[in-house]
1. Length gain on complete extension for the stretch Arg49 to Leu21, per 0.36 nm per residue less the alpha carbon to alpha carbon distance?
2. Quote the accessible area belonging to Val48 in square angstrom, nearest 10, computed with a 1.4 Å probe and with ligands, DNA and RNA left uncounted.
3. Which loop-located trypsin sites (Lys or Arg not before Pro) does segment 26-76 contain, where loop means any DSSP state but H, G, I, E or B and the Cβ has at most 12 other Cβ atoms within 10 Å?
4. Can you give the accessible area of Phe75 in Å² (nearest 10), computed on protein heavy atoms with a 1.4 Å probe?
Amino acid sequence: MESVTPEAFRDFLGPKPERELVLLAAIELYREGKLSLRKAAEFAGLSVREFLYELRKRDVPINYTLEEARKDIKFIEGME
């Protein structure tokens, strides 16, 4: 097993490690089905569109059910 130095870990997380860790947590919670797409995006501090981009960038499959789509439509309609 490779050892990871703290410097290498910081390099992996980038210039804003807290933000990256929150994003990684949101992605994992989404992947496990513990958060919906919208809730995971909110957790990560991103728009749904930005979160979808991050999922695509990391080759994470999108789990978007018809029920989630209906909830999102109701949410958007309530914003008007």
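The values are calculated or read from the model by the stated rules, or taken from the named source; none is laboratory data. Only a predicted model underlies this, so the values are computations on that prediction, with no experimental measurement involved. In this analysis, Cβ positions are derived from the backbone assuming ideal geometry, glycine residues included, and neighbour counts consider all displayed protein chains. Surface accessibility is based on the protein's heavy atoms, side chains included, excluding ligands, DNA and RNA. Shrake-Rupley method; radii C 1.70, N 1.55, O 1.52, S 1.80 Å.
1. So the chain would gain 8.2 nm between Arg49 and Leu21.
2. For Val48, solvent-accessible area is about 50 Å².
3. Working: sites: Arg31, Lys34, Arg38, Lys39, Arg49, Arg56, Lys57, Arg58, Arg70, Lys71, Lys74; in loops: Lys34, Arg58.
Filter output for segment 26-76: Lys34, Arg58.
4. Here the accessible area works out near 100 Å².
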